[in-house]
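> Here it is, the structure, as structure tokens.
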Amino acid sequence: MNKKSLSKQIYDARWCYVFVLPCLILTGMFVIYPIGMSWYFSLLDWSGFTKEAKFIGLQNYYEAVNDEFFWDAFIRSFIFMFGTVPVKIVLGFIIAVFLNNQVLKLAPFFRTVIFMPVVTAIAIIGIVMTFVFSPFNGPANKFLMSTNLTSAPIDFLGNPDTVLPTVMGVYVWKWLGITMMYWLAALQTVPQDVYDAAKIDGAEGYRLWIHIILPIVLPFAIVIILVEAVGALNVFPLIETMTAGGPFFSSEVMEIYIFRTAFVTDSGTMPRLGYACAAGVFWGVAVLFITVLQGLWMRRTRRI
Amino acid sequence: MKKKKDLKISRRTVMKGALAAGAMMSAGSIPSKLFAGEFNIPDPLKPLPTTGGNMRWIDSGDMKGVFWKKLFPEYAASRGITIEYDGLPWKEINKIVPIAIRNGTVHDVFQLPIGMDPGVAVSEGWVQPWDDYIENLDEWLANFPAGVYLPGVNQFNGKTYGLCLTANKRTGTCLLYSEKYMSEAGYDPQAGRMTYSEIRDAAKKITKRGNGQYYGWIIGGNQVNRWEDVVHTFGQVAGAHGGRGGFTNRHINFQNGKFQIASDQYMEAVELLLQLKSDGSAFPGVMSMNAPQARALMPQGAAGMIFQGPWCIGVWGRDAPEWKYGIASEPVPDGKKAQPLYIAEGGSNTLWLSANSTMGPFAGDLIRFMGTEQGQIYWAQTVGAADPAVNPEAVAKAGLTGPSAQALAMFAENLLVGPNPIVRNKDVGVVAAKSRVPDPSLALVIQGLYTGQLKGVEAQLKDCNQRYEDALDQAVEEARADGANVTRDDWVFPNWDINSNYGASKYSEL
């Protein structure tokens, strides 16, 4: 059989390329170009607004890795991820198992209730939650005090020890519905005859779930964890509206750090877009690294 | 609507004004606007384009927004244009304006973000001069008090780029208090300036009486600049003489040209804030609210005292007209006499015209009107002490009473014009453009001390002071490398008499 030349292959598939072209152009404009420019900007000493931009090589990267606030924010982002993703995965799975039961008549209602926060604007949730957790007349504190769980109001968002767990809690509540939906989709791929066969073989209760169902949905779990992990590293709007990274950096995750350095803040610091890009590139590479690791894990799990 | 010439007030308007003034006197409060229902907008001095258009305008809102929202519809209708107004908090302006400048979509008229050097805006070509859009500009500028329009501040290369309708003669950390709570605590701030001990004691007593329902003192603690504003102004009142404004003025003692962040006066001010917290007198949610949120809680009876600016007067007058409150000068450390506060020359709320704007004729026409005495009276009557009109004669004629008048009298008594390095040497503007406020800034350091995340007031302030010194040194070095003729000696004013205004004659002595 004659092997076609590359140009011939391309020519033969020309309509495919024509149809792909709009997507390629848009990806280039809105993904490739910004990424490329952020790499370039990261090598500049530039406020982002002036004409004057000085090429300084890797100096911004050097400064970032020597900045304790950078590493604090970096670590805080991962604390956020490790503190929220397992909770969402486990809770989402448990809820999905219950709501996947066809016998439960109110399942659609509960599904709707749990999913409702997902479709609510995150900025609105952030602002409303500042009132919910207010130590002065906030419903959370009113509840705690009326039930004698605490004798004095707690400044959930103003105390450096409680601010991050509080924001993490709100994040879990806000996005739990989507995790539940992922799990429901996964569980609905399990054929009914598997349940029936398992029951005939005497597998019931937790044994059914641990030994039969869980291995089947495990590949989905890897995808869900991957999506959730990346999502938990992108929490800018929630934290910006709830705490803006404060008090004194206690809830400053990487996105807030990048934002703070890229713009003029109310503490009077001047914008440094070049530096912010360096921090962003570093952060992007770190997230990519995690994604690749998870991808490898997924492939390995599939082989098993 | 019938148009009138500048400075002429119609009989009907006078009647309305007299009636409103009478009502004001009888009610003992300030009217929101003396001339209810209309502005006498004069005809333009020269024909305006007939093409119409939409003028976009952004500023930091508050009471300014209240005024513009009244005036803009009338002005727009009289000139056949539309006006889109955005009054936003500084935090938003700091983010939106730079992005809009970069994208070429900035509003026609805008305020520059805090800390951004106007010289950079001019040299970068973001703004255009007003000279072509304000008829008889020199004559118009002559109506303003000396020192409002200065080269290097709002005038560059012989042209006027920034226009100021408001004075900067005010402070943002006055003692505003609930008359009821303060009186129950046994204090009357009107009897004389309170001391730090008295503030603590009053706060404790209010908190005790409140029994968990209200507290002695409140601050918008997650808006970090509030911490710095309080410490800076209290420090000055206690005798840390220095500048106000941006990084190249603020916290600098112009007697020796050094930052005074680690001075005893600053430390005492920080200690006062920490003591209010340790006494249990601070409102329990201060770290999770911004300044407007804290301000809004005062009329709700949540706290007895707040250190904020005169802009609260208008907001409370509108939102809680029945609530009784008082305004007084900043407190002073025990056993010390209050010292003057210093403002830099120039106005405030400077308005810049976008280089891309085609609405310059309308913006210039409107601002020219607002710079006349009649426009300034209108402004003063609505905005009051929140952003005082720049023309003192117009303010006097506005007939303000109550807290607004009291605040203006207080500012007149407490504030002096201090030296301004950029007036002395315009190359200081190059330094300002090169400056980077160290991270963490003083505002954040104070916040960290308050939350307990940072320990040791003296050590932290000394570290912070050194960072500021190093940052200014570096900025001066970079400016000099770029050809600027500037040294740290430009921040030293040996002929500064701290008890008098520092004017043009003083600069010429240097």
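Derivation of every value follows stated rules applied to the coordinates shown; laboratory data play no part. Predicted, not measured: the structure shown is a model, and the values here were computed from it. Cβ: placed from backbone, ideal geometry, glycine included. Neighbour counts: every protein chain shown.
> Quick one: length gained pulling B:Ala320 to B:Glu509 fully straight, 0.36 nm per residue minus the C-alpha distance?
Here the answer is 62.9 nm.
> Then there's this: For region A:59-303, place one equal point scatterer on every Cα, skip the solvent, and apply the Debye formula. What is log10 of I(q)/I(0) at q = 0.12, 0.16 Å⁻¹?
Each listed q corresponds, in turn, to -0.83, -1.19.
> I'd like the distance separating the alpha-carbon centroids of region B:439-473 and region B:376-418, in whole Å.
So the separation of the two Cα centres works out to 35 Å.
> Please enumerate, by chain and number, the lysines with C-alpha under 18 Å from the C-alpha of A:Lys51, excluding those fewer than 8 residues away in the same chain.
List returned: B:Lys434.
> Same structure again: Could you tell me, in Å, what Rg and Dmax come out for the Cα atoms of region A:32-74?
Values for region A:32-74 (Cα only, Rg and Dmax): 11.8, 32 Å.
> Return B:Lys205, B:Lys69 ranked ascending by Cβ neighbour count within 10 Å, so the fewest neighbours appear first.
B:Lys69, B:Lys205
> Let me have the 222 nm mean residue ellipticity of chain A computed from DSSP H runs of 4+ only, each contributing -39500 (n - 2.57), with the sum over all residues rounded to the nearest 500.
Using -39500 (n - 2.57) per qualifying helix, the result is -21000 deg cm²/dmol.
> Which FRET efficiency value, to the nearest 0.05, do you get for B:Lys337 and A:Ala286 by plugging their Cβ-Cβ distance into 1/(1 + (r/R0)^6) with R0 = 51 Å?
Details: r = 57 Å, r/R0 = 1.11.
With a Förster radius of 51 Å, E is 0.35.
> In whole Å, how far is the Cα centre of region A:180-214 from that of region B:228-255?
Cα centres, region A:180-214 to region B:228-255: 70 Å.
> If you don't mind, there's one more thing I want to ask. Rounded to the nearest 20 Debye, what is the dipole magnitude of chain B about its Cα centre when Lys and Arg each give +1 and Asp and Glu each give -1 at the C-beta?
Roughly 1420 debye, rounded to the nearest 20.
> Follow-up question, since we're still on this one. Can you pull the mean other chain C-beta count within 10 Å for peptide B:286-298?
Averaged over the peptide's residues, the number is 4.
> Please report the base-10 log of the normalised intensity I(q)/I(0) for region B:430-485, using a Debye sum with one equal scatterer per alpha carbon and no solvent, at each q in 0.19 (1/Å).
-0.65
> Further, regarding this structure: Divide the volume of the convex hull of the Cα atoms of region B:395-510 by its number of residues and quote the answer in cubic angstrom per residue. Show your work: numbers first, answer last.
Values: hull volume 19.9 nm³, N = 116.
Roughly 172 Å³ of hull volume per residue.
> Aspartates and glutamates near B:Lys159 by alpha-carbon distance under 19 Å, same-chain residues fewer than 8 away left out - which ones?
B:Asp108, B:Asp117, B:Glu124, B:Asp131, B:Asp132, B:Glu135, B:Asp138, B:Glu139, B:Glu345, B:Asp365, B:Asp427
> Suppose we flag trypsin sites (Lys or Arg not before Pro) only when DSSP calls them loop and at most 16 other Cβ atoms lie within 10 Å. Which is the longest uninterrupted stretch of chain A?
Looking at chain A, A:106-304 is the longest stretch - no exposed trypsin sites (Lys or Arg not before Pro) with at most 16 other Cβ atoms within 10 Å.
> Nearest 20 debye, what's the magnitude of the dipole of the protein assembly as shown about its Cα centre given +1 on Lys and Arg Cβ and -1 on Asp and Glu Cβ? All intermediate terms of the calculation are to be shown ahead of the outcome.
On the way: 70 positive and 70 negative charges, 431 e Å.
Here the size comes out at about 2080 debye.
> Another question about this same structure. Among B:Phe369, B:Phe72, what is the fewest-to-most ranking by other Cβ atoms within 10 Å? Please list the in-between numbers first.
Working: B:Phe369 21, B:Phe72 18.
Ascending number of Cβ neighbours within 10 Å: B:Phe72, B:Phe369.
> Given a cut-off of 31 Å, what percent of all Cα-Cα pairs of chain B lie beyond it?
Here the long-distance tail beyond 31 Å is 46 percent of all Cα pairs in chain B.
> Modelled label-to-label distance, B:Asn157 and A:Ile25, 7 Å Cα→beta-carbon offset: nm?
3.9 nm
> Once you have all Cα-Cα distances for region B:323-404, histogram them in 5 Å bins from zero and send the whole-percent values.
3, 11, 16, 16, 16, 15, 10, 6, 4, 2, 1, 0
> Modelled label-to-label distance, A:Met37 and A:Ala152, 7 Å Cα→beta-carbon offset: nm?
Roughly 5.1 nm, to one decimal.
> Right, here's the next one. Under the rule of -39500 (n - 2.57) per DSSP H run of 4 or more residues, summed and divided by the residues of chain B, what mean residue ellipticity at 222 nm is obtained, to the nearest 500 deg cm²/dmol? Write down the numbers at each step before the final one.
Details: 20 runs with 218 residues, N = 510.
It lands at -13000 deg cm²/dmol.
> Right, next: With the dipole of the protein assembly as shown worked out from charges on the C-beta (+1 for Lys and Arg, -1 for Asp and Glu) around the Cα centre, which of A:Ile127, B:Val430, B:Gly125 lies farthest toward the positive end?
With unit charges placed on the Cβ atoms, the residue in question is A:Ile127.
> Let me ask another. Applying 1/(1 + (r/R0)^6) with R0 = 60 Å to the Cβ-Cβ distance of B:Ser78 and A:Val65, what FRET efficiency is obtained, to the nearest 0.05?
0.50
> Which helices of chain A meet both criteria: a Cα extent of 30 Å or more along the helical axis and a mean Kyte-Doolittle score no lower than 1.0, with helices taken as whole DSSP H segments?
Details: long enough: A:68-99 (45 Å, 1.71); A:163-187 (35 Å, 1.31); A:273-303 (44 Å, 0.84).
Both cut-offs are met by A:68-99, A:163-187.
> Would you work out which of B:Leu351, A:Ile35, B:Phe411 lies farthest towards the positive end of the dipole of the protein assembly as shown? Charges go on Cβ: Lys and Arg +1, Asp and Glu -1.
Positive-most Cα among the choices belongs to A:Ile35.
> With each label point set 7 Å from Cα along the Cα-Cβ vector, what nm distance links A:Arg300 and A:Ile210?
2.3 nm
> At q = 0.15 Å⁻¹, what log₁₀ I(q)/I(0) does region B:203-270 have when each alpha carbon counts as one equal point scatterer in the Debye sum?
-0.57
> Positive end of the dipole of the protein assembly as shown, charges at C-beta (+1 Lys, Arg; -1 Asp, Glu), about the Cα centre: which of A:Gln102, B:Gly65, B:Val237 has its Cα farthest in that direction?
A:Gln102
> Would you tally the net charge around B:Ser505, using a Cβ to Cβ cut-off of less than 14 Å, leaving B:Ser505 out, and scoring K and R as +1, D and E as -1?
-1
> Can you pull a Stokes-Einstein diffusion coefficient for region B:60-162 at 10 °C (1.306 mPa s), Rh from Kirkwood over Cα pairs, as a whole number of µm²/s?
Taking Rh from Cα pairs, D becomes 103 µm²/s.
> Shifting gears a bit: Kindly rank A:235-248, B:146-159 from highest to lowest mean number of other beta carbons found within 10 Å of each residue.
Put in order of decreasing packing, that is A:235-248, B:146-159.
> Okay, next question. Report Rg/Rh for the protein assembly as shown, rounded to two decimals, where Rg is the Cα radius of gyration and Rh the Kirkwood radius.
Rg/Rh for the protein assembly as shown comes to 1.02.
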